[in-house]
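Before any comments, here is the structure.
The values are calculated or read from the model by the stated rules, or taken from the named source; none is laboratory data. Remember, it's a predicted structure, so these values are computed and weren't measured experimentally. Cβ sites come from the backbone with ideal geometry, for glycine too, and all protein chains shown count toward neighbours.
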Amino acid sequence: MEVLSSRVLLRPSDFGAGLAWYRDVLGLPVYREYGTGGRVSGIVFFLGGGFLELVSGGSPVAGGSAALWLQVRSVDAEHARL
């Protein structure tokens, strides 16, 4: 599988504490923030060759509190191969 990009998504039970840990304690650089009405509901950090994304409870992560997203050239080709 040729992975073009990857992202680990986390939905911490305490978004503020998670944000403080990854931003302030670990010092991960911020790639982008998003939300509505001046409220941050997600933040993406640079993580080497990929990204780490924290999302608040209002932004669903399919399947639970963590997910791994892999970007490939053709999802149909990879589905057929697997």
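Here is a yes/no grid of residues against (1) farther than 16 Å from Ala67 by Cβ; (2) out of contact with any strand residue (DSSP E or B) (no Cβ under 8 Å at 6 or more places or on another chain); (3) not charged (D, E, K, R):
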residue: Ser6; (1), (2), (3): no, no, yes
residue: Ala17; (1), (2), (3): yes, yes, yes
residue: Ala20; (1), (2), (3): yes, yes, yes
residue: Arg23; (1), (2), (3): yes, no, no
residue: Pro29; (1), (2), (3): yes, no, yes
residue: Glu33; (1), (2), (3): yes, no, no
residue: Gly37; (1), (2), (3): yes, yes, yes
residue: Val40; (1), (2), (3): yes, no, yes
residue: Ile43; (1), (2), (3): no, no, yes
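Here is the figure for region 40-82: residues that are part of a loop (DSSP other than H, G, I, E, B) and either under 19 Å from Tyr22 (Cβ atoms) or modelled with pLDDT under 80 (or both) total 12. Do we have Gly16 as farther than 30 Å from Ala80 by Cβ, loosely packed, with under 15 Cβ neighbours inside 10 Å, at pLDDT below 90 and not basic (Lys, Arg) here? No: the conditions fail for Gly16. Being under 11 Å from the mean Cα position of the chain (by Cα) and of a type in the set (Lys, Arg) is a description that applies to Arg7.
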